[in-house]
Amino acid sequence: MTVDNFEIFTLPSGLQCVVRSFDGPCYCQLSINAGSRDDFAGYDGLAHFVEHTVFRGTERRSGWQINSRAEDVGGALNAYTSRETTVYYAITPTGQLPRALDLLADIVGHPSFPAVELDREKGIIHEEIKSDLDAPDEAIFDEMADLMYAGSRLSHNILGTYQSVEGMTRDCAAEFVRNLYTPSNMVLSCVADMPVAKMRRLIERYMNAIEVRPTIQKRIQAPPVERFEEIRDKGLSQCHTIMATRIFDCFDTRRYPMNLLRYYLGSGMNALLFRELREKRGYVYNVEAANNFYTDCGSFSIYFGSAHENEAKCRRLINNLLSHLAESPMKPTVFERLRRNFSGRREILNSAINKRTGNAGRELLRYGSVSSREQIAEIIGAITPEDLRACAEEIMKHGLSTLIYR
């Protein structure tokens, strides 16, 4: 199958691949359907811990050799963990695809988790946790997730806690990899300067090093939560506030108009909330809206930082703006300008080949297919002002919960 010059195929092992020939440096990404919601009970932060420690050594290489293998040719090897996904990627110069594939297959397929290195990595993650705790505009998002998804494994901090990280062992890390780092539970997306047929031969050669075994995964949906308002007195010079509500999951087609509404509200200097709260009134320095879509639920949120005396004013204004959007559809001229702006911005943000390659891999992992640019344009073109009004109504249906750091 071909989509936007990307070839999509599945290896006998079950590994799905989306690849493209392109004249330039090589970019390879392994997207794994395993994130912090898959952490074992009592081991909060395990997915993130594994993501860190696979770089510390494999059956063939030490941690130093892993990093040197990429950096000796000017390349880079890195990773990140989210609530449902872990992503590993390698960037290497032209002609170095075998090196990139070999490294990814080695760290994902054969990590050794040496004891000395695990202890060292625990200290590094402890410092990462401290860094987040020292930044209220970061920590508040983690606590809001705790509250919004209470009763499920979605709720806890991706990094874990000092105590949970300290309790990590080689055995639990190895079991996490054995259960979830399986070929049928991951997608390889790749762009390199060679014909696709040759890329496929190299992928088969190196990726076959990842053992084929069943995926063991069980996710429990977060139960509904009642609307809440929580205040944390932290002695801060500025108030940090998140207003949020639960919405539908990533498979709901309403995610497209919801993303357009989110963009209208809080993305860029011409966004509604930026204009109303910052430009017109000077209440905030920063305000943004966000959607988080997971496989069985989601959330919409608005974050802002303000002076203490302006916090309640901001919340009232946000509720009034959302209520107005929920009551009457946007004027056609305003809506068409928004859609044109959104489509253009989306094209610019996805113009880099590495970005498109990574996005294609994550989309294939989640949805089992990759949408073409024409399909996305058609979907965006079919959105109506009434769709946005209905999304605003969905947001306001149960009211926005609030978490305030002050």
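The values are calculated or read from the model by the stated rules, or taken from the named source; none is laboratory data. If you're wondering where the values come from, they're calculated on a predicted model, not measured in any experiment. Here the Cβ positions follow ideal geometry from the backbone for every residue, glycine too, while neighbour counts run over all protein chains shown. When the accessible area is computed, the model is the full protein with side chains, heavy atoms only, and any ligands, DNA or RNA have been set aside. Shrake-Rupley method; radii C 1.70, N 1.55, O 1.52, S 1.80 Å.
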Where residues in the range 320-344 are of a type in the set (S, T, N, Q), outside any loop (DSSP other than H, G, I, E, B) and under 19 Å from ILE383 (Cα atoms), which of them is least open to solvent (accessible area, probe 1.4 Å)? SER343
When the range 4-38 is checked residue by residue, the ones that are open to solvent by 10 Å² or more (accessible area, probe 1.4 Å) and within 19 Å of VAL108 (Cβ to Cβ) are THR10, PRO12, SER13, GLY14, GLN16, TYR27, ASN33, ASP38
So is ARG262 assigned to a helix (DSSP H, G or I), in contact with a strand residue (DSSP E or B) (Cβ under 6 Å, 6 or more places away or on another chain) and open to solvent by 60 Å² or more (accessible area, probe 1.4 Å) or not? no
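Quick check, is PHE248 open to solvent by less than 40 Å² (accessible area, probe 1.4 Å) and out of contact with any Leu (no Cβ under 8 Å at 6 or more places or on another chain)? If you could, list the steps in order and put the result at the bottom.
Numbers: open to solvent by less than 40 Å² (accessible area, probe 1.4 Å): yes; out of contact with any Leu (no Cβ under 8 Å at 6 or more places or on another chain): yes.
Yes.
Quick grid of which residues meet (1) of a type outside the set (A, V, I, L, M, F, W, C); (2) open to solvent by less than 70 Å² (accessible area, probe 1.4 Å); (3) modelled with pLDDT of 95 or more:
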site	(1), (2), (3)
LYS130	yes, no, no
MET144	no, yes, yes
MET148	no, yes, yes
TYR181	yes, yes, yes
SER189	yes, yes, yes
VAL225	no, yes, no
Residues that are charged (D, E, K, R), open to solvent by 10 Å² or more (accessible area, probe 1.4 Å) and without any contact (Cβ under 8 Å) to a residue 12 or more places away in the chain: does the range 40-53 have at least one? no
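Filter the range 152-167 for residues that are in contact with a Lys or Arg (Cβ under 8 Å, 6 or more places away or on another chain) and either at pLDDT 95 or above or open to solvent by less than 40 Å² (accessible area, probe 1.4 Å) (or both) and give the result.
Within the range 152-167, SER152, LEU154, ILE158, VAL165, GLU166 meet the criteria.
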Is it the case that some residue within the range 41-58 is within 30 Å of MET1 (Cβ to Cβ) and among the aromatic types (Phe, Trp, Tyr)? no
Odd one out for GLU347 among (1) surrounded by 15 or more Cβ atoms within 10 Å (Cβ to Cβ); (2) at pLDDT below 95: (1)
